[in-house]
Amino acid sequence: MNKSIMEIVVPQLAESLVNATIDKWLKQPGDMVDIYEPICEIVTDKVNAELPSTVSGKLVKILVGNGETVPVGTPVCLIETESAEASMPQQAPQAPSVNAGASVQPAASTLLSEDAPMRGRFSPAVQQLAAEHGVRLADVPGTGLGGRITRKDVLAYVASGAHKNNAAHAAPAAPASMDPVVQVRSSGIHLSETPRIPKIEIESAAPGRGETFIDVTPIRNTIARNMRQSVSEIPHAWTMIEVDVTNLVILRNKLKDEFMKREGINLTYLAFLLKAVVNAIKDFPIMNSTWAVDKIIVKRDINISLAVGTEDSVLTPVIKNADHKNVAGLAKEIDELARKTREGKLTLSDMQGGTFTVNNTGSFGSILSYPIINYPQAAILTFESIVKRPVVINDMIAVRSMANLCLSLDHRILDGVICGRFLQRVKDNLESFTIESKLY
Amino acid sequence: MAVMDYIDAIRLAMKEEMERDEDVFVLGEDVGVKGGVFTTTKGLHEQFGEYRALDTPLAESAIAGVAIGAAMYGMKPIAEMQYSDFMFPATNQIISEAAKIRYRSNNDWSCPVVIRAPIGGGIFGGLYHSQCPESVFFGTPGLKIVAPYRPYDAKGLLKAAVRDEDPVLYFENKKAYRLINGEVPEDDYIVEIGKANVLREGDDITVIGYSMPLRFVEQAAEELQQEGISAHILDLRTLQPLDKEAILEAVRKTGKVLIIHEDNKTGGVGAEVSAIIAEELLYELDAPIMRLCGPDVPAMPINPPGEKFFLLNKDKVKEAMRNLALY
């Protein structure tokens, strides 16, 4: 029966345990040990334990003495077993050594031969080096797998200076198909990471000097289309009336601070104007209509489109059922829509259903304007600046706060008489605000 | 300079950063009173109190979410995932929130969070305690990922991560905690994120790796030196962003490259490193690019022979290195 020597190693006793200290040997060389019998005590960071034997046999040698610390997996002793199948500690087969100097030996130029199947396969690095140094690869001994010429073989060959001797009779120094003139790419997407910025063609300076081009935004395009449709389809007529708003100015001045305190928003003249307009429309419903070629559609709901300008466009959000609201309600609605417009938060429903448009052109200082009707409505009214002017009242001159109201109308639907009456009603409504008027 | 274990270097980095900056705090499962299941945060609770060594519920998504929120608000949290295997519930927070907030907010917000997670097997942990999740996060722009190997880098990279303005995933190898030790300066220094490090100079083969397997590479290189094989070893240290210049320079030295990591082969970090080399250095390669990685097996086996089969070791690494050298 074969005798063989087994190693007992330090086991991994716990997670993240990497070494152990032999505390005390329980067996001594020459002692017989059974399988699983403790042979020594070990101490680790985490646990103290007895180390059991993994085989039975005779302890022949202790490799790690009391108190020594060794990594997990280290053999601590050798045990001689009588098992036939147990094997000696495996001796790793000696690897064939790579002799760095070997390549320098002027090996007979072994071209493609049976024991060198890789002799004719050249790596890119080998080809590049050969081209660089003018090396004829057929002369270079190969030490790589299957006789392959390695990069280091070429370097060693160049270092030995052998290629210079050969160069005398072998003039063409291009053993492989590498063209040495072609620069090998040594940079690329991974080295130059700056993303490519699309090149924008600037109009050449010569002819168009002094002009710049602004792209038409979608909103600009919509405004253009609606305006052109309105002026080309609707025969516009225009009229204007002058209103004395002195009492309204007094009324607003009285209420605006308290309104601000109570509601948190400005009490604008526009709210009063809207109230006046809406009430006038109720008396003249034809103002609230649309031309439909063979008929005129009069809308029952009074939805006021309010022109709100921004830096680069104008929008007409809608105050729905404006006739159901008092001055305070209108003021809130105006504030809300103006805010949404400035913040670009208008929704589609905010924009739909308008039946009559009011534009507060006075807010930018205008005293007279010629508005284009908000297609397909029948009329549009502007509220111009309030200015103090000398006015003749009862043959006396007084300083009054005056404002102009301008009206563009669809002359297919409306005529001068009805519009004159309508404007007169708006004027009456505005002038009938007194210091006693209520907002709510 | 003191010689200390990998885990002590990590703990020291946190301690120093918490002393330096009041906004730095740690949070995670059992990081407070217990001091971490591996003792990584031991002593921080005593020194800095319960509000800076925060015990959290067993909810990784919450740990990451709280840390991300605190970071966006100006704190410097170090969130611990007890094992990187438990990190996946927090993946959405990390990938969709932390990584993207700077981009999403057009630079208004940033998220200087550090998320520490122990990776790797070899502790008989099986499925739930052995995974290497690098490749899950690797392809996420907006995340930085570091995976130190030497204790020196463990400390320096963690300090750099804490001070970084953006989210950093810090993958520490749990097997390395007490296995790897080395000199660590006791003063304040950082290791720059995004820089690889040459561990050994050589001219026969280049080995590129990160974290724990580099130990096997170093051991194998030492032994192969006896056989006349000289290995050049590059420790990536940072996985995202990869140090491309260092990779190319290291490969250029020998023309033969072996890439090693414990994470499985398909879609791993090695695949990207390999692609970079193939894109840039075709004409300087002297051998096919080789990889030695964990097998494409769903999980680390819990049985010891299975685990041994899965894991890299010195002999496997040595054989691969020798084969490449002989090519």
Region B:1-145: Lys pairs at Cα distance under 25 angstrom, eight or more positions apart or on different chains: 10
Residues B:K318, A:K438 arranged by fewest to most Cβ contacts within 10 Å: A:K438, B:K318
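Once the convex hull of the alpha carbons of region B:44-144 is built, what does its volume come to per residue, in cubic angstrom? Before the final figure, lay out the partial values.
Working: hull volume 10.8 nm³, N = 101.
Dividing the Cα hull volume of region B:44-144 by its residues yields 107 Å³.
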Value of relative contact order over region B:2-184, rounded to a whole percent, pairs C-alpha under 8 Å and six or more apart: 28 percent
Where Cα atoms sit under 16 Å apart: lysine pairs in region A:237-364 separated by 8 or more or lying on different chains: 12
Dimensionless Rg/Rh of region B:2-184 - Kirkwood Rh, Rg from C-alpha atoms: 0.94
Packing-based exposure ordering (other Cβ within 10 Å, fewest first) of A:S408, A:S56, B:S96: B:S96, A:S56, A:S408
Long-range amide H partners of A:V391 with built H, under 5 Å: A:A398, A:V399, A:R400
Cα pair distances exceeding 26 angstrom across region B:197-326, given as percent: 16 percent
From the C-alpha gyration tensor of chain B, square roots of 5λ in Å: 33, 21, 19
Region B:92-192 shape via C-alpha gyration tensor axes, a/c threshold 1.5: oblate
Taking only Cα atoms of region B:109-253, radius of gyration then Dmax in Å: 15.7, 56
Residues of type aspartates and glutamates that B:K318 reaches as a straight line, Cα spacing below 12 Å, ignoring anything fewer than 8 places off in the same chain: B:E218, B:E222, B:E223, B:E227
Compactness relative to 2.2 N^0.38 Å, alpha carbon Rg of the protein assembly as shown: 1.56
From phi via Karplus (6.51, -1.76, 1.60), per-residue ³J(HN,Hα) for region B:269-280 in Hz, x at Gly/Pro: 4, x, 5, 6, 4, 4, 5, 4, 5, 4, 5, 9
Angstrom value of the Kirkwood radius, inverse mean 1/r, which spans all Cα pairs in region A:228-431: 17.5 Å
Rg and Dmax [Cα atoms of region A:347-392; Å; Rg one decimal, Dmax integer]: 14.0, 48
Distant-in-sequence amide H partners of B:I145 (H built 1.01 Å from N, under 5 Å): B:L169, B:L239, B:Q240
Long-range amide H partners of A:C40 with built H, under 5 Å: A:L26, A:L51
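Rounded to a whole number of µm²/s, how large is the Stokes-Einstein D of region A:334-440 at 25 °C and 0.890 mPa s, given Rh as the Kirkwood radius over C-alpha pairs? Kindly include the intermediate steps, with their values, before the conclusion.
On the way: Rh = 16.4 Å.
For these conditions, the coefficient is 150 µm²/s.
Among B:S84, B:S211, rank each residue by its count of other Cβ atoms within 10 Å, from fewest to most, as a rough exposure measure.
Details: B:S84 26, B:S211 29.
Taking fewest neighbouring Cβ atoms as first place, the list is B:S84, B:S211.
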For region A:363-425: Kirkwood Rh in Å [reciprocal of mean 1/r, alpha carbons]: 13.5 Å
Cα Rg, Dmax, region A:1-81, angstrom units: 12.1, 42
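Each value in this text was obtained by applying a stated rule to the coordinates, not by laboratory testing. This one's a predicted model, so the numbers in the text were calculated from it and none came from an experiment. Quick reminder, even Gly has a Cβ in these numbers, built from the backbone with ideal geometry, and neighbours come from all protein chains shown.
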